[in-house]
Structures are given as structure tokens and as C-alpha cells.
Amino acid sequence: MKKNELLRRLPKIDEIMKEESLIVLSEKKGALLVTEAVRSVISNMRQNILALDEEDMAQLSAAAEDGEAGKAALEKFFRQFETSAVAEAAAVRLLQDEELNLYPLINATGTILHTNLGRAPICADAVKNVARVSRSYSDLEYNVIKGTRGSRHDLVGNLIAELTGAEDAMVVNNNASATMIVLAAMGAGKEIIVSRGELVEIGGAFRIPDIMAQSGAFLTEVGTSNKTKVSDYEKAIMTKEMVASEPWKNDPRGIRRFETGALMKVHKSNYDIVGFTEEASLEELVELGKKHDLPVIFDMGNGLMLDMSEYGLNEPNIPASLSTGIDVMLFSGDKLLGGPQAGIIVGKKKYISRMKKHPLARAMRVDKMTFAALEATLVKYKDPAIALRDIPVLNMIAGSSDDMKAKAGRLAEIIKAANPGLTAELIEVKDQIGGGSAPSVRLDGWAVAVGDGGRSAASIERRLRKADVPVIGRIHDDRLLLCVRTIFENEFDLVAEALK
Ligand SMILES: *Cc1c(COP(=O)(O)O)cnc(C)c1O
């Protein structure tokens with residue numbers, strides 16, 4: 001048998017397009033897309049034929065001379081050359097092309113703000129509001145009452161101010177951009193004093209010293225890794241007069257100094273310093289700022305709005321931190337606030353308006369979809385009980401060990417009913433907040449440990465990842481754990497299905 005012979009067997013594209021299934025598909029998706037898919041399948045087949053080596057060809061020829069068995073094998077081989085088979089392959093290809101790269105999955109890791117899994121899942125009303133606002137035109141920058149141009153910054157400004165006690169607010173793309181614009185607007189050409197214990201790296205290339213350099217502000221580090229006193233900040237302050245006397249003339253390295261622009265505190269979001277430690281409190285920094293007429297900036301990071309200490313979360317919250325008199329504070333929208341990705345800046349009006357006018361504001365502005373999701377999330381906070389009930393992140397944190405045990409019991413029943421061959425055992429686990437927030441907090445949780453007697457945990461884990469709706473579990477002591485804190489109750493059937 002020759003390759004030419006095989007190539008000649010490839011069906012013609014217009015013949016394939018006459019297949020009933022493709023005619024129907026063409027009406028739905030357009031003939032252009034379908035023809036394209038068919039062409040691509042044929043071209044693949046052609047390449048496969050050209051790639052056959054001598055041994056493959058010899059095998060085909062041998063089959064042709066091998067009586068009944070060979071004939072059957074050849075028939076099977078040539079089935080892929082039939083128009084119906086090519087049509088089917090083209091339809092499958094079209095479906096695959098349509099599959100979007102961003103899709104939902106099930107988080108069974110027990111880590112609530114999983115950075116790799118999209119951080120905070122937003123609440124149902126936020127999703128509804130995104131659809132409502134984005135499918136039509138909106139008042140994003142239009143004042144309907146006055147019939148004049150409006151500002152997108154005003155959309156949630158009042159609501160944030162009301163909830164946090166701030167004078168004004170501004171929303172940007174994420175907290176990294178918030179840090180950047182705050183430093184650029186308040187510290188460009190000036191020194192900003194930060195404790196050496198707080199020069200954090202958040203992830204990726206986000207390091208406070210690097211962001212500071214990008215913003216045009218000059219970092220002045222004070223204190224040590226484990227101890228920084230408020231007096232350390234005070235000693236580092238450079239006044240206009242001090243700069244005018246050019247003190248660097250006496251510095252053997254001749255390091256130029258600049259006037260101090262602000263004092264800055266960065267929350268240790270993703271690490272703890274324990275042991276022999278000391279840090280300046282917000283209150284102390286505010287007092288020092290007042291004394292020297294310097295603004296105090298607090299990069300709070302996590303965006304916790306409510307006091308959640310009764311659930312084991314001893315983190316500062318936004319209103320409490322602001323009430324110390326902080327001038328500018330910034331945090332993420334998609335960490336403990338439980339909303340969409342955003343960076344929220346709150347504080348004194350005179351500083352916030354400087355940021356709104358800064359050229360970077362345009363580069364960092366957020367879309368109507370973000371405002372829609374954020375506003376619908378924020379209104380929940382008008383009643384803390386509603387926020388705890390409706391915002392998934394808060395709801396997951398608030399779940400008690402008993403709640404989790406009962407939830408794990410329900411999941412185990414559904415798994416066993418759908419998969420009689422599997423074992424599903426309840427075990428205690430420690431869940432985490434994650435997302436670079438509250439690194440030391442461990443929540444008492446429960447998981448369903450799934451086994452089938454033979455297969456390894458790694459093999460079950462792999463299968464779950466490859467399900468139609470992937471389930472991301474956790475392996476511990478060679479057992480596959482499905483931690484129920486982060487699984488939504490309406491996903492239980494999908495988890496059972498994925499295990500089939
Ligand atoms: C998370 C975090 C950031 C970065 O916020 P993104 O929203 O991820 O850009 C900055 N500073 C602190 C203290 C943080 O915790």
C-alpha cells in the first residue's frame with residue numbers, strides 16, 4: 001500500500017459538508033466556522049498519513065493480505081476516512097474550540113482565599129448586579145439627575161465612607177495599584193518611613209521597596225526585623241530645614257536626603273514575627289504624625305470590615321483602624337472583604353482627591369463590572385448579620401466545627417449513594433484563610449476522606465482534577481481529603497459525579 005493511496009481516500013470537504021449533522025451545525029454556528037473545523041480535521045489526517053513510516057506501511061500492506069482478520073482490521077482503519085466520521089470529528093473540534101479557558105471548579109482544599117483558584121468567590125447578588133449593569137448602558141459616568149457628566153469615583157464613595165467612617169474613598173484595580181498611586185500622590189520626591197519588619201513581599205514581583213521605587217518616593221527604613229519603636233520613626237524624620245542644611249555633606253557616603261512625606265505602616269498579611277518583637281501601633285504613629293504634621297498611611301491589605309474575633313480571626317478591621325485617625329488606608333476588594341478584585345483607598349478627603357486627580361488614576365481605574373460587584377457586596381455590610389450570611393468568604397470563616405462536621409456528613413452520604421464502591425470517611429482537618437491573610441489562623445474543620453480500597457490518593461486526586469467540573473482536593477497522609485468548608489452545598493452532586 002502507498003501513502004498516495006491513503007491520501008486519495010481522504011473525503012472531499014464539500015462532500016463532508018453535506019452530512020446532515022454538519023448542515024444543522026452550520027445553521028447554528030455559521031458555515032464558515034464549520035468548514036474551517038472540517039478543513040482542520042482533514043489537514044490533521046493528511047499530516048498523520050505523511051508521518052507514517054515504512055514499518056506502519058508494511059503493517060497495512062500485510063493486513064491487506066491477511067484474509068478475514070486483516071480485512072476486518074483494515075475496514076476499521078478506513079472507517080475514519082468516511083464522511084460521517086470526519087463530520088463527527090469536526091463537530092468535536094468545534095466544541096473544543098468553544099471551550100473557554102476560564103471556567104469554574106470546585107475548591108475542596110479548605111483554603112478560603114485560594115490565590116490560584118481566584119481568591120474570593122463573590123456573592124450571588126454581586127453576580128446578578130454585574131449582569132444587570134453590564135448588559136445595558138449605565139450611569140457609570142453620567143449624573144442622571146443633573147443631566148451632566150458624573151464621576152465613576154462617586155458611585156461607591158459615599159457607601160464606603162458610610163461603612164468605614166472615612167471622609168472619602170477611591171477604587172482602583174487592586175491593592176498593588178492602590179499602593180502605587182498612594183505613594184506616587186503622597187510621596188513622590190519625598191521620603192516615606194517604613195519599619196524594616198514590614199518591608200513585605202506579597203507575591204509575584206510585589207515588594208514594598210520596589211513599588212516605592214516605581215512610585216518615585218524614597219524609602220527610609222527604620223528599626224530592625226523584629227523590633228521597631230515609634231522613636232525610630234521620629235529619629236528618621238527629615239524636615240525642610242534639615243534638608244536645606246544638606247546634612248549628607250557630612251555623610252562619608254554622601255547619601256542625599258529628602259523631606260519626609262509620610263509615615264507608613266504595612267500590615268504583616270502573610271507572615272508573623274514571633275518571639276522578641278515590638279512594633280509601633282497605629283495610635284502611636286498617628287500621634288507622631290500629628291506632632292510633625294505628617295500624614296500616616298496604612299496598607300492594611302486584607303480588607304476585613306467586621307470584628308470577626310469570635311470566629312478566631314484576630315485581625316484589625318477597617319473601621320477600627322480608621323478610627324485611630326489614620327490619614328489614608330488601603331486594602332484589597334477580594335480578600336476578607338469578599339468582593340471583586342479591587343484596591344480600595346479610604347481616608348481624608350484632601351489626600352484622596354489628590355489621588356483622583358493623579359495621572360495614574362486613569363491607568364488604574366476599574367470597570368463598571370467591578371463597581372457593580374463591589375457595590376452589591378458592600379451594601380450587605382449595612383447589616384453585619386446579612387454580610388455574614390450572604391458573603392461567601394465571611395460565611396465560610398464563620399462556619400463552626402460542628403457545622404463543618406454535619407456538612408461533611410451530608411457530602412459523604414451523597415458520595416456513597418452515587419458511588420457504592422467508594423469509602424467516604426469523616427476526618428478532622430485544619431482549614432486556612434489563605435490569600436496572604438491571617439497566616440497563623442487555623443479553623444477547625446472537617447473533610448471527607450475518599451478511598452476505593454486500591455487506588456492511591458494521588459491517582460484519585462488526578463482523576464478529580466480531570467472531571468468535567470474539576471475538583472481540587474488535598475492529599476494528607478496519603479489520603480485524598482475533600483475539605484467541606486470551601487465546597488458550596490450545591491456542588492455536592494458534582495463532587496459525587498466527578499468521583500464516578
Ligand atoms: C494582598 C496585599 C497587597 C496586594 O493586594 P492585591 O489586591 O493582591 O494587589 C498589598 N499589601 C498588603 C499588605 C496585602 O496584604
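Computed over region 124-390, the alpha-carbon pair-distance distribution with 10 angstrom bins reads 7, 29, 34, 20, 8, 3, 0, each value a whole percent. Relative to the Cα centre, the charge distribution of the chain, modelled as +1 at Lys and Arg Cβ and -1 at Asp and Glu Cβ, gives a dipole magnitude of about 1400 debye.
Once the convex hull of the alpha carbons of region 132-214 is built, what does its volume come to per residue, in cubic angstrom? Measuring per residue, one finds 178 Å³ for the Cα hull of region 132-214. Highest average first, the peptides 328-334, 361-367, 184-190 ordered by how many other beta carbon atoms sit within 10 Å of their residues are 328-334, 184-190, 361-367. When only alpha carbons are used to place a centre, region 327-366 and region 50-107 end up 55 Å from one another. Out of region 48-126, which GluC sites (Glu not before Pro) are coil in DSSP terms and have no more than 15 other C-beta atoms within 10 Å? Sites meeting the loop and neighbour criteria: Glu65, Glu82, Glu99. Helix 368-378 against the longest principal axis of the chain: what's the angle in degrees, Cα atoms only, rounded to the nearest 10? Tilt relative to the chain: about 60 degrees.
Counting only aspartates and glutamates at least 8 places from Lys380 when in the same chain, those with an alpha carbon closer than 13 Å to its own are Asp125, Glu162, Asp390.
Counting only residues at least eight positions apart within a chain, or on another chain, the aspartates and glutamates with an alpha carbon under 14 Å from that of Lys12 are Glu36, Glu82.
Each of Lys227, Lys76 was scored by other Cβ atoms within 10 Å of its Cβ. Listed from fewest to most, they are Lys76, Lys227.
Over the chain, Cα pairs under 8 Å with separation of 6+ residues give a relative contact order of 18 percent. In terms of other Cβ atoms within 10 Å, Trp446, Trp248 run from fewest to most in the order Trp248, Trp446. Principal-axis analysis of the Cα atoms of the chain puts helix 31-50 at an angle of about 70° to the longest axis. Distance between Cα centroids, region 24-41 to region 371-424: provide it in whole Å. One Cα centre to the other: 43 Å. Ranked by how many other Cβ atoms sit within 10 Å of their own Cβ, fewest first, the residues Thr324, Thr224 fall in the order Thr224, Thr324. Residue ranges 426-439, 100-113, 462-475 sort as 426-439, 100-113, 462-475 when ordered by packing (mean number of other C-beta atoms within 10 Å per residue, highest first). For chymotrypsin sites (Phe, Trp or Tyr not before Pro), the sites in region 1-82 that DSSP calls loop and that have at most 16 other Cβ atoms within 10 Å are Phe81. Output the pairs from Lys229/Lys335; Lys335/Lys382; Lys229/Lys350; Lys368/Lys466; Lys229/Lys349 with a Cα-Cα distance over 25 Å in this structure; if there are none, say none. Lys229/Lys335; Lys229/Lys350; Lys368/Lys466; Lys229/Lys349, as the Cα separations exceed 25 Å there. Return one number: the angle in degrees, 0 to 90 and rounded to the nearest 10, between the long axis of the Cα atoms of helix 282-292 and the longest principal axis of the Cα atoms of the chain. With rounding to tens, the tilt is 50 degrees. Placing unit charges on the Cβ atoms only, positive for Lys and Arg and negative for Asp and Glu, gives region 3-98 a dipole magnitude near 360 debye about its Cα centre.
The largest-to-smallest principal axis extents of the Cα set in region 28-110 are 57, 42, 23 Å.
Convex hull volume of the Cα atoms of region 252-377, normalised per residue: 176 Å³.
Divide the volume of the convex hull around the Cα atoms of region 35-171 by the residue count and you get 262 Å³ per residue. Per residue, the average separation of C-alpha pairs within less than 8 Å and at least 6 apart gives region 221-312 a relative contact order of 32 percent.
Each residue of region 436-448 was assigned a 3J(HN,Hα) from its phi angle through the Karplus expression (A = 6.51, B = -1.76, C = 1.60, θ = phi - 60°), giving x, 10, 6, x, 8, 6, 10, 9, 5, x, 9, 9, 9 Hz with x at Gly and Pro. Kirkwood-type hydrodynamic radius, the chain: 27.3 Å, calculated from all non-identical alpha-carbon pairs. Calculated [222 nm] ellipticity per residue, helices only, for the chain: -13000 deg cm²/dmol; basis is -39500 (n - 2.57) per DSSP H run with n ≥ 4, divided by all residues, nearest 500. Take each peptide in 493-499, 281-287, count the other Cβ atoms within 10 Å of every residue, and average; sorted highest first, the result is 493-499, 281-287.
None of the figures in this text is laboratory data; all of them are computed from the coordinates on show. It should be emphasised that the depicted structure is a prediction, and the values quoted were computed from it without experimental measurement. Glycine also receives a Cβ, built like all others from the backbone with ideal geometry; neighbour counts cover every protein chain displayed.
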